[in-house]
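This report concerns only the one structure given below.
Nothing in this text is a laboratory measurement; each read-out follows from the coordinates by a stated rule. Here the structure is a predicted model, which means the values were calculated and not measured. So basically every Cβ, Gly included, is an ideal-geometry build from the backbone, and we count neighbours across all protein chains shown.
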């Protein structure tokens, strides 16, 4: 899956550039013109182009965001390990259930250990 990581990262970087905004604007303009023209053939083509770009970008951007989030979490976990006095019970909390995360958050607000609740 290394090829997918490289591909999705490249696409995500491109999606954040002004050129992608111009492409999205052009597709939107094509959709408006197609709607205004009343041509079913032109409207179908514009709708297909807009839908295709949207469906391709969503999983690419999500994969990139997931990878970035996992890397950030690994860095935070390392900082927790390295900080003397930090609560190591928070390492890996992102993989817990929503209830467990909320419990850890409440304990952090009270500055207590969630294992004692």
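Structure notes:
- Tally, over the range 70-91, of residues that are surrounded by 11 or more Cβ atoms within 10 Å (Cβ to Cβ) and part of a loop (DSSP other than H, G, I, E, B): 3
- Subset tally (residues that are surrounded by 10 or more Cβ atoms within 10 Å (Cβ to Cβ) and under 19 Å from residue 66 (Cβ atoms)) for the range 92-106: 5
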